[in-house]
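Heads up: the structure comes next, in structure tokens.
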Amino acid sequence: MADTSLSSAQENPGLEDPELENHKQTEAAYRTALDSAVRYLARREHSRAELAQKLRRKGIDRTLIDRVLAYVGEHDLQSDSRFIETYVRSRRERGYGPVRIRQELGSRGIAESDLEDTLTESAEFWMDIARRVLARKFHVPPETREAWNTQARFLAQRGFPSDLIYRVLD
């Protein structure tokens, strides 16, 4: 006697196995997440933590984010060391000091240990940057205590340490 019970896939050839359909949806979501990550990285360098945060904001599942981060890391599309180098260079050129740069990188998910080599320029290097920033902003050295305090606060807000500020202004 022939088996008269057919599976739903055999009865309705248009229906697929639910497990296969779930896999297809997961892969489509992964491709969408990967596409988003690549678009973010095409605009500018991102830290791994920044990229993960942006993908989370888009509502992407944590396991998919981990897969995307692994892929972009393996294929050298994202690199924290490259991000640090680019970010530090950009901030130095805009006249920011090591304290502020270190704090900003920390807020972008970069560990303090990853900054060892990047912000270790000499005090003379940072003094030169501070002098240039002061000259651009104030044009003249401070002549009164009030002017000195104003310029010192300005340098402190830009992220220069106090010992360097005293050396630059005195």
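The values are calculated or read from the model by the stated rules, or taken from the named source; none is laboratory data. Everything numeric in this text was worked out from a predicted model, so none of it was measured. Using ideal geometry, Cβ is built from the backbone for each residue, glycine included, and neighbour counts are taken over all protein chains shown. To get the accessible areas, we keep the full protein, side chains included, count just its heavy atoms, and leave off ligands, DNA and RNA. Shrake-Rupley method; radii C 1.70, N 1.55, O 1.52, S 1.80 Å.
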So, with +1 on the Cβ of K and R and -1 on the Cβ of D and E, and no other charges, what is the size of the charge dipole of the chain about its Cα centre, to the nearest 20 debye? 1400
Summing -39500 (n - 2.57) over every DSSP H run of at least 4 in the chain, dividing by its residue total and rounding to the nearest 500, the 222 nm mean residue ellipticity is -21000 deg cm²/dmol
Contact order normalised by residue count of the chain, Cα under 8 Å, 6+ apart, percent: 20
Evaluate E = 1/(1 + (r/R0)^6) for His139 and Asp163, where r is the Cβ-Cβ distance and R0 equals 25 Å; express this FRET efficiency to the nearest 0.05. 0.55
Rounded to the nearest 10 Å², the accessible area of His139 using a 1.4 Å probe with every protein chain kept is 150
In segment 40-126, the trypsin sites (Lys or Arg not before Pro) that fall in loop regions by DSSP, at most 13 other Cβ within 10 Å: Arg44, Lys58, Arg94
Would you mind calculating the gained length between Ala123 and Arg39 on full extension (0.36 nm times residue separation, minus the Cα-Cα distance), in nm to one decimal? 26.4 nm
Furthest towards positive pole of dipole, Pro142, Leu169, Phe83, structure part the chain, Cβ charges: Pro142
Quick one: helix 62-74 against the long Cα principal axis of the chain, what's the angle to the nearest 10°, folded into 0 to 90? 70
